Each structure stands twice: as C-alpha cells, then as structure tokens.
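Presented below is the structure to which this report refers.
The values are calculated or read from the model by the stated rules, or taken from the named source; none is laboratory data. Note that this is a predicted model, so its numbers are computed, not measured. Cβ placement follows ideal geometry from the backbone for every residue including glycine, while neighbour counts extend to all protein chains displayed.
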Amino acid sequence: MPSKIRVAIAGVGNATAALVQGAQYYSDDPSRTGLWHQKVGGHSISDIEIVAAYDIDSRKVGSDLSKAIFARPNVMPKYINLRPLGVDVEAGILGNAKHLQAGGVKTITRNGSIADSLKRKKADILLNLISSGNDAASKEYAEAAVSAQCSFVNATPTKLINDNKIVPKYIDAGVIIVGDDLMSQFGGTAFHRGILDIMNSRGIRVKKSYQLDVGGGMETLNTLGEDLRAVKRNVKTEAIALEVPYNIESVAGTTDYVDFMGNSRTSYYWIEGEQFLGSSVRFDIYLRTTDGPNGAGVLVDIVRAIKAARDKEHKGLESTICAFGFKSPPKRQKLSQAYEEFRQKYVH
C-alpha cells in the first residue's frame, strides 16, 4: 500500500482553498469528474495528507485550515462541506509583503523557524503558493524546506530552479525542487499554447498572437504592479513561443483586475496566420476559467509525481515534472512533448 504524502503549504490563498476541497472531494469518490489522473506514480489523491499550513494574514493564522481557506481576502467558492483537518494555520514568512496591503491584509510576524516546524510535522513536500511578487519570502521558504530535508514546489514566478546556490543544496539533502511559476490545467497559457500547436501542425503559418487576461482575486491584483506585470508577461510570452519553430509577434499578460469576478478569469485571444495561397486565418476567442481549481488540478499531480520520484531516490531538479507543470522550467519543451514524457514516466 502506498504511503501517505505529507504536504505542507505556504500561502493559504485561493489555490490552497481549491486543493484542500479537492483532496476531500475526490478522496470521498475518485470517480467524480474533473480529476485529470486517477493515479500518478502509483499514488491516489487520497494518499495526499496536508499536515501544515503557513500564512501571514492575521485573519487566517490560528484557524483550522478547513475554515481559514474561506477567510477574506480569499474569494474561492465553497464546493463541499469540509471536515475539520486538525491543522491550524501558523504564521509564515513575511518577506517583502508590502504589495499585499492593497488587498487589506493585516500581516502577522512569525516567531520560530519554519524549518523546525516542517521537521516536527514530518512534511515530505512544501508547496510555495504565496502571492507572486514576494521573492524574499519564496527564497526563505526554499531554504527552510531544504534545511528540513523537505522537497519544494515553487508555484510562484520567483526564479529558483536556476539558482546555483539553492539547487545544489537540494541535491546534497537528497530531496527535490520543481518550478517555476505554476501552469494551470487548462488556463490561459496552456490553452494559447495548444491553439498555436494545432495551427502549426496543420500547416498554418502563425504571424501574430496576443492574449489578454482579466480576473479577480488577490493574485490578479498583485500582478498589476508594474514590475511583476512585466515579469509575468515575459514568462507567459516565452512559454507560448515554444509552440512554433519560428519567431512570431506575440504578447501575453494580465491587463486588469475586476473585484466582482471573484476567483474567475477571462482570457481573450487574437491570432492571425496564413495558409494555402497566402489566404488568411484570423480569429478572436475568449476562455473563462476559475483560477483555484485550475491550479489545484495540476498540483495534485505534481505532489504525487514528486513522491514517486523520491521513492526512486531522485534528488535535486526533476526536469520532467518542471516541464509538465510550470511556465519556466529548466528544460523547455512543447506542451505535448512535456506531457507525453510525464505520462510515460509517472501516469500508471
């Protein structure tokens, strides 16, 4: 029988709210629709056990995780009636969290080591799901995880996987690090890449393409800061460009925040290409999704794949998982190639 995968979470936001609900939802009935893979690396979703959570918002710290995920400023819908988890949210790493003040977050400072907490909880994996833009906190969480001999998932755009100071520590500690910048199961980037891939495979010469995202929730609000918006735009644009073997004019990024949209997002696409006789192909489309579930659907696969890799004594960067689940992996591949490699290695 597969052992439990003991997961700690940094950042009790909307992605965490979806992950917590999804873990119970599919554990109660794995046949329910929406779960991408029933098993990854021989592990079912019921093997995931959340043992610790960290946040800097005083409205969440001290509450059972099953309640904290619905505290403001979270806007994640309540899909199920959760059972108490017996996991109280602990104060996390503050870092450079000034960007959170726009969302009314009242921060609380932690006393004590995150690494010591991870050791006490016997966590196998730490998920870094804090808000984008807090690079200092992301790096501190990565250092805490490796000190506790705990594998690490960097869902933020903070550049960690190419850090020649951090990654060697994971090799020495015998644990895994993956990232950077989580790519949702069927979000704007994955959809855009899929469209360009099928156009190219059908002989259409793509000329120009843009993607504009509008959404609610703290993650979208944070992204609108000029520095972070530029970082996210570059990450998305570079990921999309992988799908065609030539240069195209392409731009992708978040353009606005609409508070009443809650955790939903609308992505607008305009793409132009040429086909036989130089005739034009041009279209406008939009995609509506919900951010939290879109991210959690990939996270449950990443967690199980890391456990399977550790069972085989892999350590350091796991490039197959990175290419499958992140926008800025160390080994860049087309979306279809990355998935096929992941499927052959882990989906059984």
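Applying the criterion of at least 2 residues that are buried (at least 19 other Cβ atoms within 10 Å of the Cβ) to the helices (runs of 4 or more DSSP H) found wholly in the stretch 131-217 leaves 135-147, 188-201. Here residue 38 passes the criteria (1) under 30 Å from residue 314 (Cα atoms); (2) surrounded by 18 or more Cβ atoms within 10 Å (Cβ to Cβ) except the one numbered (2). The listed residues are 249, 219, and the only one of them that is on the phi < 0 side of the Ramachandran plot, in contact with a helix residue (DSSP H, G or I) (Cβ under 9 Å, 6 or more places away or on another chain) and not small (Gly, Ala, Ser) turns out to be 219.
Filtering 94, 118 for residues that are among the hydrophobic types (A, V, I, L, M, F, W, C), part of a loop (DSSP other than H, G, I, E, B) and within 21 Å of the chain's Cα centre (by Cα) leaves a single hit, 94. Among the residues of the stretch 234-287, those that are closer than 24 Å to residue 15 by Cα, charged (D, E, K, R) and buried (at least 18 other Cβ atoms within 10 Å of the Cβ) comprise 236, 265. Give me the residue from the stretch 51-68 that is surrounded by fewer than 24 Cβ atoms within 10 Å (Cβ to Cβ) and out of contact with any Ser or Thr (no Cβ under 9 Å at 6 or more places or on another chain) and, out of that set, nearest to residue 82 (Cα to Cα). Among those that are surrounded by fewer than 24 Cβ atoms within 10 Å (Cβ to Cβ) and out of contact with any Ser or Thr (no Cβ under 9 Å at 6 or more places or on another chain), it is 66.
Considering (1) surrounded by fewer than 18 Cβ atoms within 10 Å (Cβ to Cβ); (2) in contact with a Lys or Arg (Cβ under 8 Å, 6 or more places away or on another chain); (3) not acidic (Asp, Glu), the lone condition that residue 109 does not fulfil carries the number (2). If you filter the stretch 218-233 down to residues that are farther than 20 Å from residue 295 by Cα and assigned to a helix (DSSP H, G or I), you find that the one that is modelled with the lowest pLDDT is 226.
Scanning the stretch 40-87 for residues being assigned to a loop (DSSP other than H, G, I, E, B) and at negative phi gives a total of 25.
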